[in-house]
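Below is one structure, written out as structure tokens; the observations come after it.
The values are calculated or read from the model by the stated rules, or taken from the named source; none is laboratory data. Everything numeric here is computed off the predicted structure, so don't read it as measured data. Cβ placement follows ideal geometry from the backbone for every residue including glycine, while neighbour counts extend to all protein chains displayed. Quick note on the areas: whole protein, heavy atoms, side chains included, nothing else; ligands and nucleic acids left out. Shrake-Rupley method; radii C 1.70, N 1.55, O 1.52, S 1.80 Å.
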Amino acid sequence: MSVEKSRRSFLRDAAFALGGVAVGAGLGYVAAGGGRAPVTQTVTKTTTQAAERKVVAGFVYVGPVSDYGWTHAHDAGRAYAKKVCPWLETKIVESVEEAKVQGAIETLIGQGANIIFTTSFGFMEGTAEAAQKHPDLYFAHCSGYKSGAAGNAPQNLSAYFAEFYQLYYLNGLAAGAVTETGVLGYVGAIPIPEVIRHINAFVLGAKESAKARGKNIKVYVQWLNAWFDPEGANKAATSLVENNNADVLAFTEDTPTVLQVAESYQKKGKRVWSFSHYSDMSKEGPNAHLTGQIVNWGPIYVDFVTQVYARSWRSVDIWARVGDYMAYKWANLQNPKVEYDGAVYLAPLNPVIPENVRALIALRWQQMKEMLFEPFTGPIKDMDGNVRLKDGERATHDILWNMDWHVEGVQTPLPK
Amino acid sequence: MDPMIILTTMFILMVQEGSILLIATLGEIFTERSGILNLGVEGLMCFGALSSFIVYYLTGNWVIATLAAAFAGLMLSLIHAFVSITLKVNQTVSGLAITILGLGLSSFIGRPLALSRVRIEPLESIRIPVLSEIPVIGPSFFNQNPLVYFSYVMVIILWFILYKTSFGLNLRSVGENPSMADSLGINVFLTRYIATLVGGALCGVSGALLILGYYPSWYDGITAGRGWIAVALVIFSSWNPLYAFFGAYFFGLVGTLNATFQSIGFRMIPTDFFRTLPYLLTIVVLVIFSSTRFRRRKMPASLGKPYTREL
Amino acid sequence: MSFAISLASILSAFIISGIIFVFSNVDPILAYYNLFRSFTNSALLSEAVVRAIPIMLVALGLTLAYKANFISVGGEGQIYVGGIVITFLVLWNAQNRFLPDPLFMPIAIIFVFLFSSVWGIIPALLKARFETNEVLTTLMMNYIAQIISNYLVIGPWKDPKGYGFPHSPPFPEYARFPLIPGTTINSSIFIGIFAAIAIYVILAKTKFGFEVKVVGDSYSAAKYAGISYSKVVCLVMAISAGLSGLAGMSLLSGVIGRLRPDFSPGYGYTGIIVAWLCNLNPFIIVLGSIFFGGLLVGGEVLQGSMGLSVGITDVFQALLLITTLSGEFFKRYKLVWRR
């Protein structure tokens, strides 16, 4: 009897559950915009010309394409390259953990890729090993230091990176011009030289424009010890505003959280500002968005795939800065303008930045295009008062890459 | 630096994070009281967050959006209920499957939203007159968005249901001793279904608070492990909604220590220690509350055990 | 019969995800072809095996724990502990040079196993002494181990020559598992196979294995039979955690070559799934891990060739798990019906 009953109740429950799942699936379908979600890439090729050449570029991403910063920007660059180069076919693998990078590379090669881009520092060793193993294919690794050009990897491996420190200097100029309290906050991901020089450049810029207003600048830093930590970023940003009285918040974290915190203060009538990171986030903070650093990987990717297409490969170690990958590199110092061109550029400037500072930002932008100006030019002291760069001395590649000190003005000592 | 300001900031952040945890914890308490262990909270929260985000974006109405989140949580937990109550399989594994399913579905369905950078306006705070004037407590507890107030109300409602109604008594007895409850004429399966579905719906709502209240854009991994903390908080609060209130805010407070100590320049303890603190605390509390003196009265005796009627 | 049910469960996972594929304008046949491409291509198959090794080790360890009804989810944390121990040994040996190169790996394997065991015994002791819920203690310890590992790699163990990037110095050649010639598979696979045999022997042929099963079936029966619960559970978790620690070592010494933050791709959790899907059978686990490794590779092929989201692989995994679990019910249900 009980078997009979449990079977009947089972069937009833099953029907119930199935109905529910169907409703849920239907909802999900509607939510996904009528199933228009990701599109299948079908290769439609009428092979009338037998010798038509094609480059297949494989991309190994560390995060999902739908993250909010790093991987999203790389994928936008991939789409740009695909648009520019009709002979280019692209394949991606996303959310690849470091332990899996070799596998992901092999998977892409198995699908016919002849150039592979890997976009996380942690992929460096794996990419170098794959380059060794496949001398007939091409590799480019983002944010590392191994390449044929640098002499520590095979010649079919290039390194590339987009450097933001000059843009952080320009952000600093904007910050120094709008701050009322004279206190700026920085929400930092991980204390490595890259982030430290961004903080320092930001501080140097803020000091330049604040000096013109007769203001002193103090900068407080909060470390998250993670690249992705919206919760920590929210707490750090709020603490900087409330406890340290900061009214401009710069950040290195992969979500728009800090900007959103600034925006919520603006809504409550408190003037707090923040920036874009990687891509234009001005929509995230229509009032609080000052400007920010934007990367366009597109021209870099076009360069690499064109090298493969034209059979003109040369291993390079590219560190794209203001002025690189631009249509017109000559500095225009008489009538300076900020351009939206190249691999790195500024997000739109908020009108609250005074006219003269916007002119200064444009001037510095033009000067940096031709290296007529370098943010890290002495005299620069660190926060303990030691001279790090003598009068007129410019920071070299090694100083920038190994930076483990904060400039004067930063109040928070580095961890350890 | 004014210590009052620092304390107030800590409390504001504590209530933000604590309320998200609180709603999910309440849901899981309700589920576990009936004897069903649902480890899918993280997936339910994430799916709930996505659903409410979509509906809020389309309608601009947070009530409908919250209901959508509740419905999403309910649908996913229905799978768990079916598999663990009707099919009587291992609840731990089923819960893990729900987590993977919820996160995967959200990532899959939410992708076009993340790619097009859709954004919503976060919920406005509503200041409660008089109460919000109290120092420290006022600006933190009584100047929040409506879903936070909902979490306070839910504490009372769930406590009332569990301890003051006959349904609550039935639910608890089902979790303690299902065969005895059955012999008393209580429908064990129905009760467990209701508890699992209501609990799942609350987990969905907690995802709605997360995204509508504080993180108003969609990207992968937005729940960032909060669901697991909620599971731990259930034990921390020994399956009692009232204790969950204190537990969730205590965890919320511990979570603010890192930022606070960095802003006052207290650097004796490395940042990472604070990151382990919630987990260490949970283990300590688990040990204390598991020791025999406490355990007998707290943990539902049949938690995680499927019920089969004797032949 | 039970085989037919397993097959039906797997098939229904395919059908349900097929419906999802159709809804998202994806040809399901092509999708499945891509998902299983790794079993038709030797390079991809070799990759599948590489992924399978740590999953296998974790799943085998968990099998023992689950047989004793100790529901550990601590594989992920134990992987990190294993990673910490092997990195410590590498750094320590680089400074002191106590061990001749060929001796390093055998001794490292023993040390990694032992120290990871200590980490695993903690929740076992807590369970035996205070009856704390092991699901939660092991889960919390996962986070703690991961944070400790990240702390070490960002702080004291950072490579001084690494431009400040968070990673340890690279492991020297003697601290790497050699590759099987002609493949990308590293030799830690033999640890996995050995572990499978060992777990089988323990469970099937030893008194301890019998005790494990008695404890797993009924706590009170074990007590009645005079079996020490704490002894069994501690030993079980020591072996389980030791194997998961070796999985961490296999990841670092076999694949990555240095300690990195967040180095485990969630293999500790995949191991749980594999252990249950393979019905806690050590030999099926070896095959099941390779199947799962193939699925992971297939997920990447799917993204690469069809532009599908990474989430869809998770959905498929979860559906597979749910349908297989549901299959368990029908296997049991059949028994009742016959009676």
Check: Using modelled backbone amide H atoms (1.01 Å from N, in-plane), which distant-in-sequence or interchain residues come within less than 5 Å of C:PHE177's amide H?
Finding: C:GLY254
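Evaluate peptide B:208-220: per residue, the Cβ atoms of other protein chains within 10 Å of its Cβ; return the mean as an integer.
Across B:208-220, the average partner-chain Cβ count within 10 Å equals 5.
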Next item on the list: For A:ASP317, list long-range residues whose amide hydrogen, built 1.01 Å from N in the peptide plane, is under 5 Å from its own amide hydrogen.
Entry: A:ALA159
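Can you give the net charge of the other residues whose Cβ lies under 11 Å from the Cβ of A:PRO336, counting K and R as +1 and D and E as -1?
Details: positive: A:LYS337, A:ARG358, A:ARG364, A:LYS369; negative: A:GLU339.
That sum, taken over residues with Cβ under 11 Å, equals +3.
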Check: Any idea what the relative contact order of chain C is, in percent, if you count C-alpha pairs under 8 Å spaced at least 6 apart?
Finding: 37
Notebook entry, point to check: Over all residues in A:67-76, what is the mean tally of Cβ atoms on other chains that come within 10 Å of each residue's Cβ?
Noted result: 2
Check: In peptide A:107-119, how many Cβ atoms from other protein chains are near each Cβ within 10 Å, on average?
Finding: 3
Note to self: Residue by residue through the range B:35-44, what is 3J(HN,Hα) from phi via Karplus (6.51 cos²θ - 1.76 cosθ + 1.60, θ = phi - 60°)? Round to whole Hz and write x for glycine and proline.
What the structure shows: x, 9, 9, 10, 7, x, 3, 4, x, 5
Check: Looking at the P(r) of the range A:315-406, how many percent of alpha-carbon pairs lie beyond 22 Å?
Finding: 43
Notebook entry, point to check: In the full protein assembly as shown, how much of C:THR40 is accessible to a 1.4 Å probe, in Å² to the nearest 10?
Noted result: 110
Next item on the list: Take chain B, compute every pairwise Cα distance, and split them into 10 Å bins from 0; I just need the percent in each bin.
Entry: 6, 27, 34, 23, 9, 1, 0, 0
Next item on the list: Quantify how much of the Cα-Cα distance distribution of the range C:57-280 extends past 22 Å, in percent.
Entry: 50
Margin query: Show me, for the range A:290-303, the HN-Hα J-couplings you get by feeding each phi into the Karplus relation (A = 6.51, B = -1.76, C = 1.60, θ = phi - 60°), rounded to Hz, glycine and proline as x.
Written below: 7, 6, x, 9, 10, 10, 10, 6, x, x, 5, 5, 4, 4
Item checked: Viscosity 1.306 mPa s, temperature 10 °C, Stokes-Einstein D of the range A:176-295 from Kirkwood C-alpha radius, µm²/s -> 114
Notebook entry, point to check: Taking only Cα atoms, what is the 0 to 90° angle, nearest 10, from helix A:230-244's long axis to the longest principal axis of chain A?
Noted result: 20
Note to self: Once neighbouring chains are kept in place and the probe is 1.4 Å, which whole percent of the accessible area of the protein assembly as shown is contributed by carbon and sulfur?
What the structure shows: 63
Item checked: log10 of Debye I(q)/I(0), alpha-carbon scatterers only, for chain A at 0.06, 0.13 Å⁻¹ -> -0.30, -1.14
Notebook entry, point to check: With a Cα-only, solvent-free Debye model of the range C:1-151, what are the log10 I(q)/I(0) values at q = 0.11, 0.16, 0.20, 0.21 Å⁻¹?
Noted result: -0.70, -1.05, -1.18, -1.22
Notebook entry, point to check: Given the protein chains as shown and a 1.4 Å probe, how many square angstrom of B:SER140 are accessible, to the nearest 10?
Noted result: 0
Next item on the list: Provide the solvent-accessible area of A:ASP317, counting protein heavy atoms only and rolling a 1.4 Å probe, rounded to the nearest 10 Å².
Entry: 80
Margin query: I'm checking a number: the convex hull volume of the Cα atoms of the protein assembly as shown, normalised per residue, in Å³. What is it?
Written below: 176
Notebook entry, point to check: Among the lysines in the range A:295-391, how many pairs, 8 or more places apart or on different chains, have alpha carbons under 19 Å apart?
Noted result: 4
Check: Can you put A:MET326, B:MET299, A:MET403 in order of accessible area, largest first, using a 1.4 Å probe?
Finding: B:MET299, A:MET326, A:MET403
Note to self: Out of the trypsin sites (Lys or Arg not before Pro) in the range A:260-298, which ones are loop residues according to DSSP with at most 16 other C-beta atoms within 10 Å?
What the structure shows: A:LYS268, A:LYS270, A:ARG271
Check: When the Cα centres of the range B:27-65 and the range C:302-334 are compared, how far apart do they sit, in Å?
Finding: 22
Next item on the list: Inverting the mean 1/r over all pairs of different Cα atoms, compute the Kirkwood radius of the range C:1-69 and quote it in Å.
Entry: 14.8
Notebook entry, point to check: Under a 5 Å amide H to amide H cut-off, with H placed in plane at 1.01 Å, what residues pair with A:LYS381 once short-range neighbours are removed?
Noted result: A:ARG388, A:GLU408
Check: So for the pair A:ASP391, A:LEU333, with labels modelled 7 Å out along Cα→Cβ, what separation do we get in nm?
Finding: 2.1
Notebook entry, point to check: Taking θ as phi - 60°, what are the ³J(HN,Hα) couplings along the range B:182-192 by the Karplus curve (6.51, -1.76, 1.60), each to the nearest whole Hz, with x for Gly and Pro?
Noted result: 4, 5, 7, x, 7, 7, 4, 5, 4, 4, 5
Next item on the list: Using only Cα atoms, tell me the angle between helix A:101-110 and the longest principal axis of chain A; keep it within 0 to 90° and round to the nearest 10.
Entry: 60
Next item on the list: Kindly point out which whole DSSP H helices in chain C project their C-alpha atoms 24 angstrom or further along the helix axis while averaging a Kyte-Doolittle hydropathy of 0.5 or above.
Entry: C:2-23, C:42-67, C:75-96, C:101-130, C:134-154, C:229-249, C:282-306
Check: Please state the equivalent ellipsoid semi-axes for the range B:198-311: what are the square roots of 5 times the Cα gyration tensor eigenvalues, largest first, in whole Å?
Finding: 30, 22, 12
Next item on the list: Rounded to the nearest 10 degrees, what's the angle between the helix A:257-267 long axis and the longest principal axis of chain A, both from Cα atoms, 0 to 90?
Entry: 70
Notebook entry, point to check: Ranked from the most accessible area to the least, with a 1.4 Å probe and all protein chains present, what is the order of B:LYS88, A:LYS215?
Noted result: A:LYS215, B:LYS88
